[in-house]
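Read through the structure below, which is laid out as structure tokens, and then see the notes.
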Amino acid sequence: MLMLCLHSILFFIFLVSLNNINISSAETIYNVQTYGAKPNGKTDSTQAFLDAWAAACGSTDPTIIYIPEGRYLLGSVAFTGGNCKSPDIIVRIDGTLIAPEDYRILGLASNWLSFESVSGVSIVGGALDARGSPLWDCKSKGSNCPAGATTLSFVNSNNIKINGLLSLNSQMFHIVINGCQNVQVQGVRVIAAGDSPNTDGIHVQLSTDVVIMNSSIKTGDDCISIGPGTKNLWIERVRCGPGHGISIGSLAKTMDEAGVQNVTVKSTIFTGTTNGFRIKSWARHSTGFAQAIRFIGATMINVQNPIIIDQNYCPHNLNCPNEVSGIQISDVIYQGIRGTSATPVAIKFDCSFKYPCKGITLQNVNLTYLNKEAQSTCTNAIGKISGQVQPDNCL
Ligand SMILES: *[C@@H]1O[C@H](CO)[C@@H](O)[C@H](O)[C@H]1NC(C)=O
Ligand SMILES: *[C@@H]1O[C@H](CO)[C@@H](O)[C@H](O)[C@H]1NC(C)=O
Ligand SMILES: *[C@@H]1O[C@H](CO)[C@@H](O)[C@H](O)[C@H]1NC(C)=O
């Protein structure tokens, strides 16, 4: 009786906690353990997850795929939605999904967990432990290592939510949103070592109407990287560091490239990152652009390049020396940004000779270096300041 009572209280709490993501009352629950998944961290549960997905996906009702507490070993899995009938699938994770111990198993796949062509999928809670550090060690020794897998990706998908997820030690990027519409990422945590290679927290590209809120990202590469074809992106209350900060780019990777437009980043805290707000493009021709970008309200703590536009990116001088960036950067606002720079130059605008940055606005910016005023440098940048701006304006 007591057990029954406890069970219904827990069930009630479970439903209440799901309420904020709008499930209808008709949902059916598919527990992965029913399909043979084992919470022991040893038994490969890949097929069980795929079977639970197929069952949920084949239902015409809203569904829940439930992953109880415990550790579930999973290889590379693609959850595809092409034939899904369920209008709304919640993947509720109370446990931890772990990658195979041998990094080579995932290392040659490009993704660990990918959702492709799905609509109305929410991931709620859970931890994803990709166990990437042996691959990082391999890469640091420069031996013959696989590229590594993205931990979680959504590709060509719509109406997606990721809520309260923890992503640990990805081999490569932690979360990728590629070719999607209407995505909400809320309360996500990313944790990887500050020197782990290419472990970007969240990467967005070719996607529209993406919101990233209330998240904390500690990693070895970009906190959030924003690639070509990103439109209407809203980022708010994100903490970054360690890592490389929030970056638009690298743009001009290819000649024929979609632009980045209407990006707002509000209330960010950067701690010990290499960059704060960066826009970066290769120094070569491209049809891409970046316009209507708003960086509003940020605290920088010991950040190497708090505000930077670098349009002369040309690593190893390959395929770009003596070229200029074809990326037009315009209408970029930096407003209410304060804190400390770890280098003397806190603001650096190094824009394209052929397409100078235009419509840059600095408003109420106060960045210091060793308790003194920092410096700014501008090349091919046109804009204005308003309010108090320190370091002194070079626009
Ligand atoms: C983000 O956090 C704030 C403050 O804690 C809260 O008011 C807001 O509802 C959260 N946003 C979402 C989408 O949950
Ligand atoms: C810019 O994106 C925001 C959402 O991030 C949206 O509310 C707004 O309407 C968009 N503005 C334009 C001009 O499209
Ligand atoms: C800029 O910040 C420093 C350190 O917090 C402070 O001492 C200084 O008064 C601020 N300057 C302005 C113009 O607000």
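The values are calculated or read from the model by the stated rules, or taken from the named source; none is laboratory data. Keep in mind the model is a prediction, meaning the values are calculated, not measured. Neighbour counts are summed over all protein chains in view; Cβ atoms, including those assigned to glycine, are modelled from backbone coordinates with ideal geometry.
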Q | Test: residue in the range 154-177 that is in contact (Cβ under 8 Å) with a residue 40 or more places away in the chain, over 19 Å from ILE212 (Cβ atoms) and in a strand (DSSP E or B) | A | no
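List the strands (runs of 3 or more DSSP E) inside the range 255-336, counting only whole elements, that have at least 2 residues being small (Gly, Ala, Ser).
275-282, 289-303
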Q) Is there a residue in the range 81-103 that is of a type in the set (A, V, I, L, M, F, W, C), surrounded by fewer than 19 Cβ atoms within 10 Å (Cβ to Cβ) and in contact (Cβ under 8 Å) with a residue 12 or more places away in the chain? A) no
Q) Which condition does ILE296 not pass, out of (1) out of contact with any Leu (no Cβ under 9 Å at 6 or more places or on another chain); (2) farther than 17 Å from CYS240 by Cβ; (3) modelled with pLDDT of 95 or more; (4) not charged (D, E, K, R), if it passes all the others? A) (2)
Q) Residues of the range 347-395 being part of a strand (DSSP E or B) and hydroxyl-bearing (Ser, Thr, Tyr), which ones? A) THR361, THR368, TYR369, SER376, THR377, THR379, SER386
Q) In the range 252-282, how many residues are within 21 Å of GLN328 (Cα to Cα), free of Cβ contacts under 8 Å to residues at least 60 places away in the same chain and of a type in the set (Gly, Ala, Ser)? A) 2
Q. What residue, among those in the range 233-275 that are within 16 Å of ligand 1 (Cβ to nearest atom) and among the polar types (S, T, N, Q), is nearest to SER133 (Cα to Cα)?
A. THR268
Q.
Which condition from (1) in contact with a Lys or Arg (Cβ under 9 Å, 6 or more places away or on another chain); (2) over 30 Å from PRO321 (Cβ atoms); (3) hydrophobic (A, V, I, L, M, F, W, C) is the one that ILE360 breaks?
A. (2)
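Give the range 120-153 a look and list any residue that's part of a strand (DSSP E or B) and in contact (Cβ under 8 Å) with a residue 60 or more places away in the chain, or say none.
SER122, VAL124
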Q | Selection within the range 358-379 - of a type in the set (Lys, Arg) and touching a residue at least 12 places away in the same chain (Cβ under 8 Å) | A | LYS358
Q: For the range 200-213, state whether one or more residues are over 18 Å from SER167 (Cα atoms), modelled with pLDDT of 95 or more and in contact with a Lys or Arg (Cβ under 7 Å, 6 or more places away or on another chain).
A: yes
(Q) Among the residues in the range 43-65, are any assigned to a helix (DSSP H, G or I), among the polar types (S, T, N, Q) and more than 25 Å from CYS145 (Cβ to Cβ)? (A) yes
Q | Any hit, the range 256-272, residues being over 21 Å from GLY359 (Cβ atoms), under 16 Å from the mean Cα position of the chain (by Cα), buried (at least 23 other Cβ atoms within 10 Å of the Cβ) and in the same structural domain as GLN363 (by TED's automatic domain parsing) | A | yes
Q: Determine which single condition PHE295 fails, assuming it passes every other condition in (1) over 18 Å from the mean Cα position of the chain (by Cα); (2) in contact (Cβ under 8 Å) with a residue 24 or more places away in the chain.
A: (1)
Q. Exactly one of (1) under 28 Å from THR264 (Cβ atoms); (2) away from ligand 2 (no atom under 16 Å from the Cβ); (3) not hydroxyl-bearing (Ser, Thr, Tyr) is unmet by ILE202. Its number?
A. (2)
Q) Pairs, please: C-beta under 6 Å, at least 6 apart or cross-chain, first residue outside the structural domain of ASN312 (by TED's automatic domain parsing) and in the range 380-392, second surrounded by fewer than 17 Cβ atoms within 10 Å (Cβ to Cβ)? A) none
